[in-house]
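Asks: Handing you a structure now.
Only the coordinates and a few stated rules stand behind these numbers; no lab work does. In this text, all values refer to a predicted model and were calculated from it rather than measured experimentally. Backbone-built Cβ (ideal geometry, glycine too); neighbour counts: all protein chains shown.
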Amino acid sequence: MATKTRILLAPRKLKLPSSLRTYHSHNHPAPPGPFTPVESTILSASAPHIPTHGFTLTTLSLGAKDAGYIDASTNLFPRGAFALVQWHLYTQRMALQHHTGIISPEVRDGGRAPGVGSKVKMLTWERLMGNREVVHRWQEALALMALPSNIPPSVGELGALSDEIWYLSGDTSVDSSWYTKRASLSSIYAASELFMTTDKSDGYKETRAFMDRRFGDVQAVGSAVGSLGQWVGFNARSGLNVLRSKGARI
Amino acid sequence: MALFSAFRPVFSSHSLPVYDFLAPSLFQIHRAPRSIRHLSTTPQRHTLSNFQNDSPSTAPRTPKTGTEATSNPASTSKPLTQAQRDFLSRALRVNQTGELAAVLIYAAQTPVIVASHPHLRPLMKHMYDQEAGHFVTWNALLSRHRVRPTALYPVWTMAATVLGWGTAVMGREAAMACTEAVETVIGGHYNEQVGGLLEIFKEMEAEGVEVGEDLRVLVESVRRIRDEELEHLDHALENDAQKAVPHELLTGVIRAGCRGAIWVSERV
Ligand SMILES: [Fe+2]
Ligand SMILES: [Fe+2]
């Protein structure tokens, strides 16, 4: 017990998911995740207490106790209950890759494989459903995420989620749409997640409709003007091409 | 993976020609025997199908989930370090940006140049096609390795188009001087990158980490593309790049611009 306590009292910072969006190797194991083994043990033991005790220190110490650590082990988490939020966001994001039915569906003869767009929608919905168990406590999580020092990791996690969804859906674009796609999915997800905290409808039907409308808005805007970045970039080039097609010898 | 090795020359880590990045001048670099000079009057030798074989884009790219990707790593392997992954993502990003620019420069130059010098059509087409092949190669690798493209994509798109069109309007010599300046910097850049990659391989081998198929293919792609860039440099010199007036100013400015662009796109 004594050694355990000593290890636990050394405070460690939780890292940002910075390992993301940098070279992803298919020939090497993935780099370690943002949590140490001890942190993971305590946090995963805490997670079942969230529906009852919320994103609070009480939950953390209950989890620590369940995992066989003393109460003081919550000192391990300098950001306090926010670690629970990070754990939830991280584990739910990592769980998306197991939806193989969506990611690589079996296509029967004559059937049509779903496109990238519909996979994105389905995975976004699955991620929202990942909040189902804790949704009545989610406003606590949102309050923690809104603390100034917690904003950067929270925004980073949102970006990582969008990146994961586009990647798992098979999107391969690597032009400026890379950014607009992630930005618009992040905003759709964040808005739908907030909507869901007030949704009392059966099976979150209203959240589903809300999310579908947000995707619809983006499509409408997208087809009308295109993304601003692309518009700027292709302006010079297409201007040249238009003039050339009109017979200008330039 | 089998498709990858189809275009990869015979290669083993024991036979790495490790010294090529130490070559003091771009002109003394060992050339692959196939990179015979293409004179401007030679008919175009590369066809589109050539590129398709040449680029990894033909490899089926079904997105692998994290587990799928990690469940089957080389047995003795360890994760890449943060520094190695940063180097690789910066390298892929800057390569893609460079080839985006190259494609746009040639696309903007070609109609202007060909209008006044019809005999240059095959050469311009040949160089454009090669650039397009390079661009496809890097695009495929960026998405395969989840590397973000440069945030300044629209800026480079605009800048490259303006540069290509501007130099073409100044005449054949200026356009070729543009190619000369760009290819000098790009050739040097790719060369340094081969050096950096071999450095990483050494690190990995010392640590007992498998280099892996992807990185071997990567270094081969950089070498092949570098040789093609240097071939473009030869074409430019054969076509009186140095007669452009004012040659030193023009190439100096473009070279400085390219170096700045590389510096920025590695980071942003
Ligand atoms: Fe190129
Ligand atoms: Fe080139």
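Asks: When you scan the stretch B:158-192, how many residues do you find that are surrounded by 20 or more Cβ atoms within 10 Å (Cβ to Cβ), within 14 Å of chain A (Cβ to nearest Cβ) and under 18 Å from B:Thr97 (Cα atoms)?
Replies: 4
Asks: Considering (1) assigned to a helix (DSSP H, G or I); (2) more than 14 Å from ligand 1 (Cβ to nearest atom), say which one B:Arg146 fails and leave the rest.
Replies: Of (1) assigned to a helix (DSSP H, G or I); (2) more than 14 Å from ligand 1 (Cβ to nearest atom), only one is false for B:Arg146: (1).
Asks: How many residues, within the stretch B:182-196, are under 10 Å from B:Cys258 (Cβ atoms) and either β-branched (Val, Ile, Thr) or more than 14 Å from ligand 1 (Cβ to nearest atom) (or both)? Break it down into steps so the answer makes sense when it comes.
Replies: Taking the stretch B:182-196 first, the residues under 10 Å from B:Cys258 (Cβ atoms) are B:182-186, B:188-189.
Checking the rest, the ones that are also either β-branched (Val, Ile, Thr) or more than 14 Å from ligand 1 (Cβ to nearest atom) (or both) come to B:182, B:184-186.
Residues that pass the stated criteria total 4.
Asks: Can you find even one residue in the stretch B:81-93 that is within 15 Å of ligand 2 (Cβ to nearest atom), under 19 Å from the mean Cα position of the chain (by Cα) and either buried (at least 23 other Cβ atoms within 10 Å of the Cβ) or facing chain A (nearest Cβ under 8 Å) (or both)? Working first, answer last.
Replies: Step one: list which residues in the stretch B:81-93 are within 15 Å of ligand 2 (Cβ to nearest atom), which gives none.
No, the stretch B:81-93 contains no residue that is within 15 Å of ligand 2 (Cβ to nearest atom), under 19 Å from the mean Cα position of the chain (by Cα) and either buried (at least 23 other Cβ atoms within 10 Å of the Cβ) or facing chain A (nearest Cβ under 8 Å) (or both).
Asks: Hey, another quick one. Looking at the stretch A:30-115, what helices (runs of 4 or more DSSP H) fall wholly within it and have at least 1 residues that are touching a strand residue (DSSP E or B) at 6+ places or on another chain (Cβ under 6 Å)?
Replies: Where helices (runs of 4 or more DSSP H) fall fully within the stretch A:30-115, none carries at least 1 residues being touching a strand residue (DSSP E or B) at 6+ places or on another chain (Cβ under 6 Å).
Asks: Let me ask another. Mind checking which helices (runs of 4 or more DSSP H) fall wholly inside the stretch A:138-213 and carry at least 2 residues that are surrounded by fewer than 19 Cβ atoms within 10 Å (Cβ to Cβ) and within 14 Å of chain B (Cβ to nearest Cβ)?
Replies: A:151-168, A:177-196
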